[in-house]
Each structure stands twice: as C-alpha cells, then as structure tokens.
Amino acid sequence: AAKGHRLTGNGEITLLVLWDSASAVSTRGLAALEQARGKVRAAGLRVLALALNGIEDAGEAYEEIENCGFGWEWGFLAQDSLRALVRWQAALFDRHPGHDVPLSLLLNANGDCVAIYRGAIMIDEILEDAGELTGIDSLTRWHLAPPMSGTWFTNPVPGDFVRRVIQGSSGEKA
C-alpha cells in the first residue's frame, strides 16, 4: 500500500500541480515542466505533481509520467485533501470549479500558498510570480490579489491552509 505524506514547508519555493491523466491539458503541462526543467531549477523552484487519479486508474497516471519523462517529485492526492481544497476555493471565490485540472499552487518557502493557477501551465508567468510573490508579506500579497481596487471586508485565509490539508502518496521518480 502507498504511504501517505503531508506537505510541509521545507524552505523551498514549490509549484504544486494537481493533474489527472484523463486531462490532455494536464499531461501537456507536465511535459512542459519537464522540458523547462533547467529554467525552473535555475529559478529555485521545486515541482510536486499530485495526480487526482483514483485507485482504479492509477496505472494511467504512472503511464503518463513515464511517457513524458517527468522527473520531478510526484504522487497521488488523497481524496480528503481534494475535498478540503474544493471547500477552500469556495471560501476564496464566488465562482469556483469543482476540481478542474490542472490546478497549480505556488507555495513560498514556508509552504504558504501565494498564487493559484487554473488551466494550462504558463511557466514564464509562474517563474515571474515566484520571484515577485514569494518574498513579500502576506498582507501586501492579499492587497495585490483582486483585479480591481477596493477595500476588503474579509480576512485572508490562513497562509498555511494548503500545507495543512495536502496529503498524498508517493509515486515513483522517473
């Protein structure tokens, strides 16, 4: 049986990618991350890809990892973690997808989520954000989040929420 692991802030900026082997956009994103390995590493990012594949189609996830030569860390996302992330997005946004993939989260060195990316993985945007968003305080980042000016009437979700709820099981490194 697979062993579960909790996501921890380990001093590295991490791009957490949630993906599914049935999603062509997801698998293209994994291949793009592998192709940009040198650039991503030079920016100081760690990549962790967690598949949403269930036990019945776990073999397809292994096959996709092998097909694209994905050499970053990867594994499977626990279902309770997925439910918690769906609830978290519902709390953050008026309109939110259930668990559309890929969903990528940029985590600072403490493991706090600093940016959310839905859809195709845009490596240059992620690298730019990694340089700009990971070193600023949470309140400044909170004020940068809305696409328009205004005043907040809510408080930010705790920065460590994602780190506390993510639990996955290890896959194999390619």
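The values are calculated or read from the model by the stated rules, or taken from the named source; none is laboratory data. Please read these numbers as outputs of a predicted model, since none were measured by experiment. Heads up, the Cβs are rebuilt from the backbone with ideal geometry, glycines too, and the neighbour counts pull from every protein chain shown. Please note that ligands, DNA and RNA were not included when accessible areas were found on the heavy atoms of the full protein model with its side chains. Shrake-Rupley method; radii C 1.70, N 1.55, O 1.52, S 1.80 Å.
Filtered by the rule that a residue be buried (at least 20 other Cβ atoms within 10 Å of the Cβ), more than 23 Å from residue 13 (Cβ to Cβ) and in contact (Cβ under 8 Å) with a residue 60 or more places away in the chain, region 57-75 gives a lone residue, 61. Would you tally the residues in region 78-107 being closer than 11 Å to residue 15 by Cα and modelled with pLDDT under 90? Residues in region 78-107 being closer than 11 Å to residue 15 by Cα and modelled with pLDDT under 90: 0 in total. Is at least one residue of region 112-126 open to solvent by 40 Å² or more (accessible area, probe 1.4 Å), of a type outside the set (Asp, Glu) and either without any contact (Cβ under 8 Å) to a residue 12 or more places away in the chain or in contact with a helix residue (DSSP H, G or I) (Cβ under 7 Å, 6 or more places away or on another chain) (or both)? Within region 112-126, one or more residues are open to solvent by 40 Å² or more (accessible area, probe 1.4 Å), of a type outside the set (Asp, Glu) and either without any contact (Cβ under 8 Å) to a residue 12 or more places away in the chain or in contact with a helix residue (DSSP H, G or I) (Cβ under 7 Å, 6 or more places away or on another chain) (or both).
The number of residues in region 1-30 that are part of a helix (DSSP H, G or I) and buried (at least 16 other Cβ atoms within 10 Å of the Cβ) comes to 4. Against the numbered list (1) surrounded by 15 or more Cβ atoms within 10 Å (Cβ to Cβ); (2) touching a residue at least 40 places away in the same chain (Cβ under 8 Å); (3) under 24 Å from residue 12 (Cα atoms), residue 129 comes up short only at (2).
Of all residues in region 35-56, none that is more than 13 Å from residue 72 (Cα to Cα) and open to solvent by 50 Å² or more (accessible area, probe 1.4 Å) has its Cβ atom under 8 Å from the Cβ atom of a residue that is part of a loop (DSSP other than H, G, I, E, B) and among the aliphatic types (A, V, I, L, M), 6 or more apart or on another chain. Inside region 1-25, can you point out the residues that are touching a helix residue (DSSP H, G or I) at 6+ places or on another chain (Cβ under 8 Å) and either among the polar types (S, T, N, Q) or under 13 Å from residue 108 (Cβ atoms) (or both)? The answer is 7, 8, 9, 13, 15, 16, 21.
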